[in-house]
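Peer 1: What follows is a single structure, and I will ask about it in a moment.
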């Protein structure tokens, strides 16, 4: 049979959809799509056709391919693509040097100093953006299921930034079927950002048109038989059409069909192709000649015959590529195990000899061949895998490095005898690669093996290095108990005396332990580690130790001490070229300067943060300056601007899995404290209670909220419960020792050391002994601020305000006046209107309290002073939206009309009144919780609605107008929530059984039709419909397993349902209020309330 060129049938719809994406990219609306399907379904053929259309439309086209039969270097498809793009005449030069330095010139084991994986990614993204301004770009990634994890991560990063670029990104993939879970996970993440196109099998009509176009014959019988044999798989159809007699008995599987086609090759030629397939899908004849120990010229005849049969296609002189991975796989499987191992060894030796002294040697490919070369080659396999892993680490491909170290360990285990020291080195490297790849569970398991080995040998250094590797990526704001336990054990095993390792272990142990209920232990350990490191006069060691030790000192040590250390770390990091550590030091220094009320120093540190983040050019760090600007806007009283900047920071930080939603988890608390707002505090307490109802932290905030509301009984009850659990000493509350257990709740550690909380409670309760103890504790810190660092980015109070109120409780009027003047000066220096309003308000309270004991001649003056300060406080509170504080000032002013002496009153009465409308403004919508009901008011309308989860979510949105709240945050999901899906609807076995039954039913239906058995055919058709329906429920397009809803999707549905129910209840009581709410509310993955202007 004479075949014409391959037909193009059955893919017009898919090509049109992809062509539309090219058009969108050409218009500056970047696009991306993944084409999925089984082997041979035509994924590559479809992309090739699309690439031709892209070229015709003026796109710069570049291809990157996975290695289905070999071990490609990290970022291999990106190397192919970038080499192609950098060689184009219109390629911009701005980023070329940066790309070559990061991707091509890193030698094995060379440290990427000052680099970070996102620095590499940003360089790629910036180059693509700059190139796309010169000419549109179309990138094609073939066989994504066979690429390395780092390439997929980079692809995901680039796909996120395409929306306004003239860049189109396309990829093909098949299902990984559980053999490579890390690849499957990353493909799933990538798929969320791309359009998905699943290719279906060809219909019988498509096959008939294919036969007609390629042979010129219209033979319905042949079309029916070929379609039945191939089940519509295009590759299978193509191969069947190549058989001498397509009407004869047809092979049952595609692999069997490939085998029949290869049988036409001469025996010696087939042997040559087996060796070539072992090299990879693409190969060069000189390497195959070395494997077979035959001249390359002899192999040209084999290559020519294979090309004539369509098995191979020439790539360049002496270089060929198999027509399909299945062809190469079939040839490799024909090799006996011993022969296969021998050829792998020859391939490894030939590659090593060819690339001796070459910094660009294909270390991944050499390692692959040694790892497959049999037990006798295990030592060389271990060394080769280790070299390739080091290169992957240097190139920041941590997941690839982890996989290589795992294989190196497996090869090392085959050695006889096993070298424990060597095994320990590999285990430590494996742990660090896993930790940096953020595979924590796997890292802990590998660390467990290293620890076991270290204990058996009594090797403290190995144990220390394993624990340091596990803690390579620290967890901000949280103690790492497992790392701390291992480091403590390692420190005890290390030889006594100074050593660089002991300094590093001590510093990291200190930070891993913090926060503790008593922070002094980790702080002392951190200080001793820094002193030890300095004795070695090693700048790199000093930077490493100070960087780790500050994790134990931030939030706890005096700000003057921290500022000095952070300034030192900043200069060391800059001099050593360590950009990420320099940025972190500048970030910490900005917090220190804010706490010291050094506005100029804060601005200087913020400027360094912005400059360093700009140099690094990484979303991972770009959110930091935005959060500092939000912090500044908030303390200055511009809540709208603060919320905008916070949203901007969350968007910058968001890397897919709701990372942005998890930023600054304590900001609701700091906002409640800074704005003196019990309603915000109640919402924070509600969320905390839903996660940990029995925690000590709940008791602490219950006491604070009750004291703010003047509910002395509940406040004292919660406080007594906290002290009975052993926390009185940490609160600095004097009294006899209580019975019961000692402190038992690590969750409170982050709050128990916030003295401002204890001050608020003690002052509200008028507890003089407690106030005296707190005053003595805080007096040395006068002239500083209360700051929460990375958990909130907030400056929410002044120590002098706390001392002012404590002085009032103790009737130390002169001290109170002194602290009031200092606090007001600090607030004015910072431009902090909310804090100035608080100072005026609290100073007025002091004047009113003094009236109780003042002489008759002084009472009028004190009343006048209080009135003036309350009016100032009310005006400032109105300007910056402190409605609770403004209302309190208005009530106090109204009380002054009677000229009665007033005690220090609680912040909020037990029965709060509706908010007072401000002049010139319509009354804002308000939701006030009163026991089991909410009072909702707006524009003169008012209604009461029963409490529900939806009402609390609605109140949170209304309370922060303009801020986009992620559904995970609204639903109260913990910070560590897994945003992944619920798994496949059907497992692999069930899917296989369903698919087998579908094939059986189709065959039986065809048989019944042949016998004209209409009744049986009808029954089988009904069963086929039912089975197909159930199968469709578990499969998406292209046969891809459909998965249950993700945590984010479940949260979105639940939040929308609860908000809808709350709005229905409000509508039943007040349609006008419901109309206003519905017009201002937007739901989705991010929800926002935007009131009418």
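The values are calculated or read from the model by the stated rules, or taken from the named source; none is laboratory data. Since the model is a prediction, treat every value here as computed from it, not as a measurement. All Cβ positions, glycine included, derive from the backbone under ideal geometry; neighbour counts span all protein chains shown.
Peer 1: Taking the criterion of being in a helix (DSSP H, G or I) and touching a helix residue (DSSP H, G or I) at 6+ places or on another chain (Cβ under 9 Å), would at least one residue in region 318-326 satisfy it?
Peer 2: yes
Peer 1: What do you reckon, is residue 151 touching a residue at least 24 places away in the same chain (Cβ under 8 Å), in the same structural domain as residue 18 (by TED's automatic domain parsing) and assigned to a strand (DSSP E or B)?
Peer 2: It is false that residue 151 is touching a residue at least 24 places away in the same chain (Cβ under 8 Å), in the same structural domain as residue 18 (by TED's automatic domain parsing) and assigned to a strand (DSSP E or B).
Peer 1: Same structure again: Just to check your reading of the model, which residue among 838, 818, 859 is touching a residue at least 40 places away in the same chain (Cβ under 8 Å) and closer than 30 Å to residue 601 by Cα?
Peer 2: Every option except 838 fails the conditions.
Peer 1: Sticking with this structure for a sec: Restricting the search to region 1053-1088, which residues are within 30 Å of residue 191 (Cα to Cα) and in contact with a strand residue (DSSP E or B) (Cβ under 9 Å, 6 or more places away or on another chain)?
Peer 2: Answer for region 1053-1088, where residues must be within 30 Å of residue 191 (Cα to Cα) and in contact with a strand residue (DSSP E or B) (Cβ under 9 Å, 6 or more places away or on another chain): 1055, 1056, 1059, 1081, 1082, 1085, 1086, 1087, 1088.
Peer 1: Hey, another quick one. Which residue, of 796, 840, is surrounded by 23 or more Cβ atoms within 10 Å (Cβ to Cβ) and in a helix (DSSP H, G or I)?
Peer 2: It is 840.
Peer 1: So residue 60 passes all but one of these: (1) closer than 28 Å to residue 209 by Cα; (2) surrounded by 17 or more Cβ atoms within 10 Å (Cβ to Cβ). Which condition number does it fail?
Peer 2: Result: residue 60 fails condition (1) only.
Peer 1: Under the condition of being surrounded by fewer than 18 Cβ atoms within 10 Å (Cβ to Cβ) and outside any helix (DSSP H, G or I), which residue from region 201-221 is modelled with the lowest pLDDT?
Peer 2: Selected residue: 216.
Peer 1: Look at residue 471 and say whether it is crowded, with 23+ Cβ neighbours inside 10 Å and at pLDDT below 90.
Peer 2: Against the criterion (crowded, with 23+ Cβ neighbours inside 10 Å and at pLDDT below 90), residue 471 qualifies.
Peer 1: Among the candidates 1082, 1065, 1042, which residue alone is modelled with pLDDT of 85 or more and surrounded by 14 or more Cβ atoms within 10 Å (Cβ to Cβ)?
Peer 2: Of the residues listed, the single one that is modelled with pLDDT of 85 or more and surrounded by 14 or more Cβ atoms within 10 Å (Cβ to Cβ) is 1065.
Peer 1: Next question, about the same structure. From the list 928, 908, pick out the single residue that is in a strand (DSSP E or B) and at pLDDT below 85.
Peer 2: Sole residue among the options that is in a strand (DSSP E or B) and at pLDDT below 85: 928.
Peer 1: If I ask for residues that are under 43 Å from the mean Cα position of the chain (by Cα) and either modelled with pLDDT under 50 or in a loop (DSSP other than H, G, I, E, B) (or both), which ones from region 874-905 would you list?
Peer 2: Within region 874-905, 881, 882 meet the criteria.
Peer 1: Next question, about the same structure. May I ask you to say which residue of 397, 450, 437 is within 21 Å of residue 369 (Cα to Cα) and crowded, with 16+ Cβ neighbours inside 10 Å?
Peer 2: So the residue among 397, 450, 437 that is within 21 Å of residue 369 (Cα to Cα) and crowded, with 16+ Cβ neighbours inside 10 Å is 397.
Peer 1: Continuing with this model, one more query. Test each condition in (1) at pLDDT 80 or above; (2) under 51 Å from the mean Cα position of the chain (by Cα) for residue 238 and report the one that comes out false.
Peer 2: It is condition (1) that residue 238 fails.
Peer 1: Across region 762-778, what is the total count of residues that are within 16 Å of residue 752 (Cα to Cα), touching a residue at least 40 places away in the same chain (Cβ under 8 Å) and crowded, with 23+ Cβ neighbours inside 10 Å?
Peer 2: So the answer is 2.
Peer 1: Restricting attention to region 255-281, which residues are on the phi < 0 side of the Ramachandran plot, within 45 Å of the chain's Cα centre (by Cα) and either touching a residue at least 60 places away in the same chain (Cβ under 8 Å) or assigned to a loop (DSSP other than H, G, I, E, B) (or both)?
Peer 2: Answer for region 255-281, where residues must be on the phi < 0 side of the Ramachandran plot, within 45 Å of the chain's Cα centre (by Cα) and either touching a residue at least 60 places away in the same chain (Cβ under 8 Å) or assigned to a loop (DSSP other than H, G, I, E, B) (or both): 255, 258, 274, 275, 277, 278, 279, 281.
Peer 1: Kindly indicate whether residue 539 is farther than 23 Å from residue 828 by Cβ and either under 24 Å from the mean Cα position of the chain (by Cα) or in contact (Cβ under 8 Å) with a residue 60 or more places away in the chain (or both).
Peer 2: It is false that residue 539 is farther than 23 Å from residue 828 by Cβ and either under 24 Å from the mean Cα position of the chain (by Cα) or in contact (Cβ under 8 Å) with a residue 60 or more places away in the chain (or both).
Peer 1: Now, a different point. Only residues that are at pLDDT 85 or above and farther than 24 Å from residue 147 by Cα: list them for region 157-200, please.
Peer 2: 165, 166
For (1) surrounded by fewer than 18 Cβ atoms within 10 Å (Cβ to Cβ); (2) modelled with pLDDT of 85 or more, each residue gets a yes or a no:
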position	(1), (2)
640	yes, yes
645	no, yes
658	no, no
668	no, yes
681	no, yes
688	no, no
691	yes, no
708	no, yes
741	yes, no
